[in-house]
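**Q** After the structure tokens below, expect a handful of questions from me.
The values are calculated or read from the model by the stated rules, or taken from the named source; none is laboratory data. All values derive from a computational prediction rather than experimental measurement. All Cβ positions, glycine included, derive from the backbone under ideal geometry; neighbour counts span all protein chains shown. Keep in mind that these areas ignore ligands, DNA and RNA; they rest on the heavy atoms of the full protein, side chains included. Shrake-Rupley method; radii C 1.70, N 1.55, O 1.52, S 1.80 Å.
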Amino acid sequence: MKDKSIFIKNIYYMLAYAYQGLQQESYKEIAVEKFDNVHNLLAAILAKGVALQLKQGLYREYVRHQENLMLLRGKINITGSIKNKLMRKQSLSCDYDLLSENNLLNQIIKTTIVLLLRVADVKETHKNELRRELLFFNNVALLETKSIKWSNLSFQRNNRNYQLLLGICQLIIEGLLLTTDDGAYRLRSWIDEQRMCHLYEKFILEYYKKHYASLSVSVAQIPWGLDDGVSNMLPKMQSDITLRKGNTVLIIDAKYYGHTMQVNFSKRSLISHNLYQIFTYVKNYAYSFSGNKNQVSGMLLYAKTDEELQPDNVYQMHGNQISVKTLDLNREFGELKQQLDRIVESHFAL
């Protein structure tokens, strides 16, 4: 890796596109700070995000409580009240809702802060910020991280600012933290490949959405080109990024792997299933034009690795162009943008 600090800074920019809240003026100081590891970057983003949220106040929602009271509050809990009567307690069992900051979203944030405070790799300056912020979470409970169901989290008008914070928390909890045999916590050297791949895809998608309003940019469902219309048990086809202008289409499959090539008997070649996949996407998308003139192309866009041989190929396959390119995340962000711009300009003549 040529320059770790450039790569880490680009992770910040990737996050800024994936989570647009990071593009606010308040986060500008993080954009110019130099980070020696990705853990401090995420700690800095979380500390800044929590500080901004504290100025607005922690999100509160109604939480169900059950309590034995002398006077009715909320609704009578019949089972609990009968039990009190049998035990000769002169009280009603009441169920009522209480507006509280002790909800799942705040519990996840507090749990993440506590975990980061135990990690040696996080700088003391960021830890001190997090310690100060933790004081505002006194009435918030801690969670067992394995119990968090990230897919069940929902955001609406009153808590949409939490979407960025919870995204960072998920990266930290799921992607970075490992538990040692003695129960202590340490951090992986990098975010794991699966989560980096998701971030890489999201970054490219949001970059094109933001900068190319003349194109339709989407995560497109691609219909199967069926002759008889029978689609039972066929899997869904969904692109990572689809760019379209009229009948000109570019389907991009974004790939973040440790290795961009496969080796068989000392011979290097493109990863076969990736090539099969993009070819299938392209041919079925082209079929959807029902014979009308179209130009549908596909691209495998790999994040560049340290390998000596990097794919840079263009193929003409049965009337469609399939290209394989690499995006160098170790370049200054301005150069990274130029790489992305050239892809669009060469396909759409912009």
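**Q** Can we say residue 289 is open to solvent by less than 40 Å² (accessible area, probe 1.4 Å), at pLDDT below 95 and over 24 Å from residue 194 (Cβ atoms)?
**A** It is true that residue 289 is open to solvent by less than 40 Å² (accessible area, probe 1.4 Å), at pLDDT below 95 and over 24 Å from residue 194 (Cβ atoms).
**Q** A follow-up question, please. Could you give every pair whose Cβ atoms fall below 8 Å, whose first residue belongs to the stretch 149-168 and is closer than 20 Å to residue 62 by Cα, and whose second residue is part of a helix (DSSP H, G or I) and polar (S, T, N, Q), counting only separations of at least 6 or pairs across chains?
**A** Pairs that qualify, where the first residue is closer than 20 Å to residue 62 by Cα and the partner is part of a helix (DSSP H, G or I) and polar (S, T, N, Q), are 155/163; 161/53; 161/56; 162/53.
**Q** Sticking with this one: Can you give me the number of residues within the stretch 84-107 that are more than 17 Å from residue 51 (Cβ to Cβ) and either free of Cβ contacts under 8 Å to residues at least 24 places away in the same chain or among the hydrophobic types (A, V, I, L, M, F, W, C) (or both)?
**A** Residues meeting the conditions: 13.
**Q** Residue by residue through the stretch 190-218, note down the ones that are part of a loop (DSSP other than H, G, I, E, B) and either at pLDDT 95 or above or under 18 Å from residue 347 (Cβ atoms) (or both).
**A** Answer for the stretch 190-218, where residues must be part of a loop (DSSP other than H, G, I, E, B) and either at pLDDT 95 or above or under 18 Å from residue 347 (Cβ atoms) (or both): 212, 213, 214, 215.
**Q** Given the condition over 26 Å from residue 138 (Cα atoms) and among the hydrophobic types (A, V, I, L, M, F, W, C), answer yes or no: does some residue in the stretch 39-61 qualify?
**A** Within the stretch 39-61, none of the residues are over 26 Å from residue 138 (Cα atoms) and among the hydrophobic types (A, V, I, L, M, F, W, C).
**Q** What tally of residues in the stretch 232-252 results from selecting those that are open to solvent by 60 Å² or more (accessible area, probe 1.4 Å) and either of a type in the set (Val, Ile, Thr) or without any contact (Cβ under 8 Å) to a residue 40 or more places away in the chain (or both)?
**A** 7
**Q** List the number of the failed condition for residue 54; all other conditions in (1) open to solvent by 100 Å² or more (accessible area, probe 1.4 Å); (2) among the hydrophobic types (A, V, I, L, M, F, W, C); (3) in contact with a Phe, Trp or Tyr (Cβ under 7 Å, 6 or more places away or on another chain) hold.
**A** So residue 54 meets the others, but not (1).
**Q** Would you please list the contacts, defined by Cβ atoms under 8 Å and residues six or more apart or on different chains, that run from a residue in the stretch 6-17 that is touching a residue at least 24 places away in the same chain (Cβ under 8 Å) to a residue that is β-branched (Val, Ile, Thr) and open to solvent by less than 20 Å² (accessible area, probe 1.4 Å)?
**A** What qualifies is 8/38; 11/38; 11/191; 12/30; 12/45; 15/45; 15/168.
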